[in-house]
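One structure is given here, and the rest of the page talks about it.
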Amino acid sequence: MKKKIAITAAAVAALVATISCQHDETMEVNNGESITFRAFTDNATRAVDVTQDGDNALASFKVFAFGNAEASQYDWDDTFTGSGNNWTTQSGMKYYWPGDGTQLNFFAYNESEVTGSATATIERNGTTPATIDASIEMTPDRDATNQKDLVVAYVTGSNNSNASSAVNINFKHALSKITVKAENAEPNTYEIEIKGINLCRYDRTGVLTMPVATTDASYVWNENAWTTSNTADNANYYKVRTGTNAIVLDGKQGIPEITVTDGKSNPFMVVPQKKNAWTTGTELAKDDDLAYFSILCRIYQKDGKGGKSLIFPRPDSGQSIEELDGKFGLASVGITSDWKPGINYTYTLSFFKDGGGAGTTDPAPDPNPDPDVDPENPDIPVVGGEIKWNVTVDAWTTGDDTNLKMDGTEVN
């Protein structure tokens, strides 16, 4: 990491002019205002997001400043805290524009928010002073409740353009957001309880190459901004749980989002990446790069008379619903992704829609077994195909003709 370099811009001098032999007046020479920021973030509404205003408003950001070309004497880094148009340095330093008009290049991100999940390498390249290496490696937490939103920014400025105005620095969401909803297309036949969602076989760690163009509202992310640095395997998954109470998909109540206990939305924050989907019937080896959702759920079949029977997880011989109280099964479905930075993708898991069934059991064993899960054999349909009938009725077979008299004897 870069050492912090305290720089002084134009030194404050005192010009003493003798007005009279009895009175001396000291005048301060000021060649410009200190560097100030006006920070913006993309508007967002989810609980985990960094936002412009409200409870999750951006409260601090780390700035790395570099003098243009080889002007390393103007390099510094510091953390700014505040809100709106009022930002002050954590160090107490004030930074001034170079008086010779040298452009400063600013890289910034919400360091304090992502501490423990992200590590930045933003420094001059030792062999080529004009080159800046700027990247952030991030590994989102497995538990979506603890995942953080990464926002980054790049902007330039100079004394020629910003001597008396704040730098407009706009932060962009750098991760992909995955919102999951669920629906029950056959509420008269089935009741579904959802306890949580696992997002499986996705690369957890990625390296972001920081933007080197102004990240204003018109900025478009580079297609190759992120690279993943680990293989998707059984250990790579994210999870979100609903807490004590499961979500019940019954009746005509719509398509609820998967939420945490306090009712706040809890999407996944993941490293942008491409993945192929696992398909039913494909055996998964440890390092197979095939991704899927696993839905922690219970499924009941209704009897049309107000009663219901548990059909998933499957009760063992002689087990009752009470004996499986609190246990859920994992119903899985493959998912293909091409996730981009700053985009919220919404997936609706449709149970029983158009004869689609309820997925299959988890294709790979969980490396950290969940006590809520009743284990099932892998890759078995949770519910078989819809029962259908092709009805035929045999034609009548022609028998012998018999004539009977009313006394019961045959007519010859």
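Derivation of every value follows stated rules applied to the coordinates shown; laboratory data play no part. Remember, it's a predicted structure, so these values are computed and weren't measured experimentally. Glycine also receives a Cβ, built like all others from the backbone with ideal geometry; neighbour counts cover every protein chain displayed.
For a 23 Å ceiling on Cα separation, which of these pairs sit above it: Lys327/Lys353; Lys308/Lys353; Lys239/Lys286? All intermediate terms of the calculation are to be shown ahead of the outcome.
Details: Lys327/Lys353 25 Å; Lys308/Lys353 20 Å; Lys239/Lys286 19 Å.
Exceeds cut-off: Lys327/Lys353.
For Thr348 and Ala163, FRET efficiency with R0 = 56 Å and r from the beta-carbon atoms, rounded to 0.05?
Details: r = 52 Å, r/R0 = 0.94.
After rounding to 0.05, the efficiency reads 0.60.
Using a basic spin-label model with each label point 7 Å from the Cα along Cα→Cβ, how many nm lie between Asp141 and Glu386?
Taking the two extended label points, one gets 4.3 nm.
Given labels modelled 7 Å from the Cα in the Cβ direction, how far is it in nm from Thr81 to Asn377?
Label at Thr81, label at Asn377, 6.0 nm between them.
Using each residue's phi in segment 204-209, evaluate 6.51 cos²θ - 1.76 cosθ + 1.60 at θ = phi - 60° and report the 3J(HN,Hα) Karplus result to the nearest Hz, with x for Gly and Pro.
Values, residue by residue: 7, 9, x, 10, 9, 7 Hz.
Fully extended, how many nm does the chain gain between Asn245 and Ser112 (0.36 nm per residue separation, minus their Cα-Cα distance)? Walk me through the numbers on the way to the answer.
On the way: separation 133, 0.36 × 133 = 47.88 nm, distance 3.26 nm.
Taking Asn245 through Ser112 to full extension adds about 44.6 nm, to one decimal.
Return the distance in nm (one decimal) between the two label points of a simple spin-label model at Ala277 and Trp396, each offset 7 Å from Cα along Cα→Cβ.
The two pseudo-label positions are separated by 5.3 nm.
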